[in-house]
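Reading through the structure tokens given below for one structure.
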Amino acid sequence: MKYIVLVADGMADYPLQELEGRTPLEAARTPNMDFMARNGLLGRAKTIPDKMTPASDIANISILGYDPSKFYTGRGPLEAANLGVFLDDNDVAFRCNLVTVSGDKLTDYSAGHISSKEAVSLIERINQKFGSQDLRFYPGVSYRNLLVVKNGALQQLETVKCKAPHDILGQDIFKNLPHGNNAGVLIQLMKDSRPILETHEINLVRLDLKENPANMLWLWGQGKKSSMPAFLTQYGLSGSVISAVDLIKGMGKILGLEVVNIPGATGYYDTDYEGKAKAALRCLQKNDFVFLHVEAPDEAGHNGDLREKILAIERFDQLVVGTILEAFKQKSNFRILVLADHPTPIALRTHTADPVPFTMFGTDIVGEAAAGYNEKEALKSELFFEKGHELMEYFLKLKGR
Ligand SMILES: [Zn+2]
């Protein structure tokens, strides 16, 4: 049996006045997902456990069938895995942003989406200055870099409260520094990074070019290595992950899934939807499980761009779901699960923790003849997973009815 999971990030939404009370999913033309809902199962899953933040990494851990309240240790360890940085049991990995500060204010969480090439030089300089047996900085992609505190050098670092830089834009940095046990060391690193970065020639050139300088490090998102068992151990399947997002690729690596990079996968509106679907089909020739993730509807949600959100949903339906369905419709022994990881409502421009609608179709899945795939139809279904991570087992092991 081939198992295919297709995730459209942030696809779920709320009814909108501009759409006469319909949601973007209802308004979008989605014949393929509607076909699945009409001929398969429709339901809802709560991918964000109570008291956890509605973040994509947490939601996608649920979808992959692992309880985030048990296995989620922060984004740092996922990013470390994506960069191929091995963590020992006592290491703590931090996301280390290159940010722009102006006076006391944080003005850009991404330092003008600085190039990876520039970031490598800056992080190298930081390593020369502050790196040690216990502290190691790693360049990542653009502003998204990594700090690993080795060998339990600082106790209880994982309990320090750190703010995400994109949440404190325009705010006073000194009111948003880390706090808790051993936070002092982190604060010192962040403050000491400023004079070194400010005078680096890369930043002097950026200033000349009127680009935002990467003039401070911002540490957050820390955690220890996750103890998630491999997907093969947990579910008995080998498989692949296809995504443009570092966190999801890192998750795939931790789970021992093959992470497939697609040249045209951008994580934005212009991503190569069809390229991803075709790559999934290639992966399924050798393995039995594939997890395909598309970021675009979430980006449209964050930008409050209804037109792009509907377009992203329609492209996902046509080019991803449609391509996969077309390849399998005539075959037996396959199952497809389609869902959003969390809602990113246009009206709020941020994630929410509401349950998401899902639909599954394929071998031994007997339909309930829902009208289509959307939030309102899913609400009518009795199928609800209070613990979102239990959906995976249901999807894989569901017996014919
Ligand atoms: Zn997401």
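Condition check: buried (at least 24 other Cβ atoms within 10 Å of the Cβ) and either more than 16 Å from the ligand (Cβ to nearest atom) or without any contact (Cβ under 8 Å) to a residue 60 or more places away in the chain (or both). Does Phe94 satisfy that?
yes
Hand me the list of helices (runs of 4 or more DSSP H) wholly inside the range 108-218 holding 2 or more residues that are within 12 Å of Cys96 (Cβ to Cβ).
116-130, 183-198
Which of the residues spanning the range 344-359 are out of contact with any Pro (no Cβ under 6 Å at 6 or more places or on another chain) and surrounded by fewer than 24 Cβ atoms within 10 Å (Cβ to Cβ)?
The answer is Pro345, Ala347, Leu348, Arg349, Thr350, Pro355.
Within the range 50-89, count every residue that is away from the ligand (no atom under 13 Å from the Cβ), within 21 Å of Asp298 (Cα to Cα) and surrounded by fewer than 20 Cβ atoms within 10 Å (Cβ to Cβ).
So the answer is 1.
Name the single residue, out of those in the range 333-380 being within 14 Å of the ligand (Cβ to nearest atom) and of a type in the set (A, V, I, L, M, F, W, C), that is farthest from the chain's Cα centre (by Cα).
Checking each candidate, the answer is Leu348.
Need a quick list: strands (runs of 3 or more DSSP E) entirely within the range 1-102 having at least 2 residues that are under 17 Å from the mean Cα position of the chain (by Cα).
2-8, 92-102
Going by what's in this entry, would Asp341 be described as touching a helix residue (DSSP H, G or I) at 6+ places or on another chain (Cβ under 9 Å), within 18 Å of Ala296 (Cβ to Cβ), acidic (Asp, Glu) and surrounded by 13 or more Cβ atoms within 10 Å (Cβ to Cβ)?
yes
List the number of the failed condition for Val99; all other conditions in (1) of a type outside the set (S, T, N, Q); (2) more than 13 Å from the ligand (Cβ to nearest atom); (3) touching a Ser or Thr at 6+ places or on another chain (Cβ under 6 Å) hold.
Of the numbered conditions (1) of a type outside the set (S, T, N, Q); (2) more than 13 Å from the ligand (Cβ to nearest atom); (3) touching a Ser or Thr at 6+ places or on another chain (Cβ under 6 Å), the odd one out for Val99 is (3).
Checking Ser142 against (1) at negative phi; (2) crowded, with 18+ Cβ neighbours inside 10 Å, which test does it fail?
Of the numbered conditions (1) at negative phi; (2) crowded, with 18+ Cβ neighbours inside 10 Å, the odd one out for Ser142 is (1).
Just a yes or no: is a residue in the range 322-334 among the small types (Gly, Ala, Ser) and modelled with pLDDT under 95?
yes
For the subset of the range 285-299 comprising residues that are of a type outside the set (D, E, K, R) and more than 16 Å from the ligand (Cβ to nearest atom), which member is farthest from Leu396 (Cα to Cα)?
Gln285
The values are calculated or read from the model by the stated rules, or taken from the named source; none is laboratory data. Bear in mind the structure is a predicted one, so any value in this text is a computation, not a measurement. Ideal geometry is used to build each Cβ from the backbone, glycine not excepted, and the neighbour counts take in all protein chains shown.
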